[in-house]
Structure formats: C-alpha cells, structure tokens
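One structure is given here, and the rest of the page talks about it.
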Amino acid sequence: MEYKQKLRKAKMDDNVPEELYTFTHDDLKHLLNERHERLKQMDDQRRKEFKKFEMEKELKHRMALRAMNEYDRKVQEALDEETQTMKKDKAQKLKHPGNKDQLQDVWEAEGFDRDTFDPKTFFRMHDMNGDNEWDLFEMEAIFEKEVEELFDGLPDVDEDEKYEEVARMREHVVEHMDTSGDGFIQLEEFLEYSKGKEFDHNDPWETVFDDQLFDEAELTEFEKNLDTTDTKELEELAKKEALTREEKIKKYEEESKINMDMLKEHSEKLKEAIMAANKFKDLEKAKQLVADAAAGEAAAAGQKVAT
C-alpha cells in the first residue's frame, strides 16, 4: 500500500524516481506475502463456515429424529450407526495425502505403471498452466479422486463435506512442502520433499469424519444464539428431512423383506441382529439371526432370575 501511494504521488511530479519503476526482490516478497495472507484468510473463513454448516446439520438431524414416531426413530438411529461404521471403515483405507503411496495411486489411475512413478514428471503433469508451481486448484485436483472414493456409497453425502476434505488435504500438503511460506508448491520444494523420509510414511489420515468440530456445550450455545428466523427455517428443514427419511425407511423395509417391527423392542442385540440380517437380503437368514438373538436374551434373563 505504501509503495502504491508513493508511485501515485510520484506520477503527479515531473521527476519520477527511477527506483519506483523497478520491481525489486522486496516488492516480490511483499506480493507473495500478500498472496499468502489472502489464502490464509480464505481458509480461516472456510473452516468457520464449515463448522457452522456441521452444527446446523446436526441440529436439523436431531430435530428430524424428534419429529419421527418411536419406531421410525429407532430404525433411523440404527441406520445412523451403520453409516458411522461405514465411514470409519472407509477412512481407515484412505492414503495419507501427499505421500508417495497416495501420489502413486493418482499416477496409476492416469494410466502409468506404479513402479515408474517419477516425482518431476508427476509435478509437470499436474502443473496445468506450466508456471512451475502448484496453486491451490492444481493441488486440490490431485486429491479429488481419492475423496470421491471416500464418500462413494455413503448416504446423505454433502458437497460441503467433500470440498472440506479436499481443502484439508491441500492445507496439509502446503504445511509440509511449502518451505518458502507463500502458500504454493514450487517444483524445487516438491522434489526436495520427495527425497525425504516423510514422503514414504503411511501414517493414518484424520478425515472430516474423525474430527470433532464441536462439543455438546458449543452446540447448545449455538442453538441458543440462533435468531427466530434461523430456528424456524431449521425446523422446517427438519420436518422435510423426517418425511424423507420415513419414506426411505419404508422403501428399505420393502426391499429387504425383513420384519423391522422387531426394532420396537428396546433391545440393542435385537437391533444389531436385524441390521446384520438385512445385509443378507434373505428372509430366512434374517429370521434365524433374530431368533438366535432373542433366544440368547431370554436365556440371559432366565439366569438373572435364577441367581
């Protein structure tokens, strides 16, 4: 800003200092720092908005559960548990972003032999504008396929969650490779990183599924601070979600041909047996699983009475 003011003032004079028209190393450093600061602000705002989105989503889901009858609510809770298990299983298979194993997957998906992976060639291939650095869009494009696979098959996938996952991967790579601190990855930085031990590590990656963005106290405070309009809007969305989920449950029962009325029982074992049985898509197998669970509970209850 000071530089621009001096230049503007100088242009009003006949004698313009020559140095004002010379782009120095300090000017470049200033521009890079300015660019990095803008990116940082964008990421801070993104994380803030995503947390708000997730809290609104959680509130809406809880409101929807409250709006359901007891039977549908129990079924939905069982489905939610199954979804959480699916997310954990998928997250465990995820490769650490930016390490050799993950980038080799991208290399292989693009039609190359995994064993021929070459860091310099890989960088050039993904430097779409040929400016010798990866910007945030070029970095995020590298992780899109992996994130698509992470969310594939999950119910109620939100694009916001997918983008947050991609953005976090990009931030992670910048944190570990960007030695200049400008928020971008230059070819030299990538090649240097590819020579280090960290490039070969296979530590587990913490996905958006694993991250506890807020606790109950924060959620309660957030709900308390919602204005009347926001609360009403959430309630309306929750009603629609409840109806949609009830329709899905009905279709779920019809397709699985399983008597989900057993979920009316206040039994976790029976509920788990029903959910396991559904995976077989076999009515006789389902009945046997439920019968075994019920018999086990009856025997356990009998032993308690005897003692």
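Residue by residue through segment 61-71, which ³J(HN,Hα) values in whole Hz follow from phi under the Karplus form 6.51 cos²θ - 1.76 cosθ + 1.60 (θ = phi - 60°), with glycine and proline marked x?
Couplings: 5, 5, 4, 5, 4, 5, 7, 7, 6, 4, 5 Hz.
Note down the net charge around F117, summing +1 for each Lys or Arg and -1 for each Asp or Glu among other residues with Cβ under 11 Å from its Cβ.
-4
Convert each backbone phi in segment 178-195 into a coupling constant with the Karplus relation 6.51 cos²θ - 1.76 cosθ + 1.60 (shift: θ = phi - 60°), then list the ³J(HN,Hα) values in order as whole Hz, x for Gly and Pro.
Ordered by residue, 3J(HN,Hα) equals 7, 6, 7, x, 9, x, 10, 10, 7, 3, 4, 5, 5, 5, 5, 5, 5, 8 Hz.
Whole-Hz Karplus ³J(HN,Hα) for segment 219-230, in order, using 6.51 cos²θ - 1.76 cosθ + 1.60 and θ = phi - 60°, x for Gly and Pro?
Here the 3J(HN,Hα) series is 5, 4, 5, 4, 5, 5, 8, 5, 7, 4, 5, 5 Hz.
When only DSSP loop residues count, what chymotrypsin sites (Phe, Trp or Tyr not before Pro) in segment 66-119 have their Cβ near at most 11 other Cβ atoms within 10 Å?
When the chymotrypsin sites (Phe, Trp or Tyr not before Pro) of segment 66-119 are filtered for loop state and at most 11 Cβ neighbours within 10 Å, nothing remains.
Tally Lys/Arg at +1 and Asp/Glu at -1 over every other residue whose Cβ is under 13 Å from the Cβ of D200; what's the total?
That sum, taken over residues with Cβ under 13 Å, equals +1.
Just flag the GluC sites (Glu not before Pro) in segment 63-154 sitting in loop per DSSP whose Cβ has no more than 16 other Cβ atoms within 10 Å.
Listed in order of number, the matching sites are E110.
With labels modelled as points extended 7 Å from the Cα through the Cβ direction, what inter-label distance (nm, one decimal) is found for E236 paired with D203?
4.6 nm
Need the C-alpha centroid separation for segment 130-188 versus segment 45-87, integer Å.
26 Å
Skipping prolines and chain starts, which residues have an amide H placed within reach, meaning under 5 Å, of the one on Q186, given they are 5 or more residues away or on another chain?
It is W134, by chain and number.
With a cut-off of 16 Å, note down the residues of segment 209-237 whose backbone N falls inside the zone around a label point 7 Å from the Cα of E58 toward its beta carbon.
Under cut-off, by backbone N: 209-226.
So between K248 and D113, what do we pick up on full extension, going 0.36 nm a residue minus the alpha carbon distance?
Using 0.36 nm per residue and subtracting the Cα-Cα distance, I get 44.3 nm.
Testing the spin-label approximation: label points 7 Å from Cα along Cα→Cβ at L154 and K48. State their distance in nm.
Distance between the two pseudo-spin positions: 2.6 nm.
Quick note: the coordinates plus some simple rules give every number you see, no bench work behind them. Predicted model, so just to flag it, every value in this text is computed and none were measured. Positions of Cβ are backbone-derived with ideal geometry, glycine not excepted, and every protein chain shown enters the neighbour counts.
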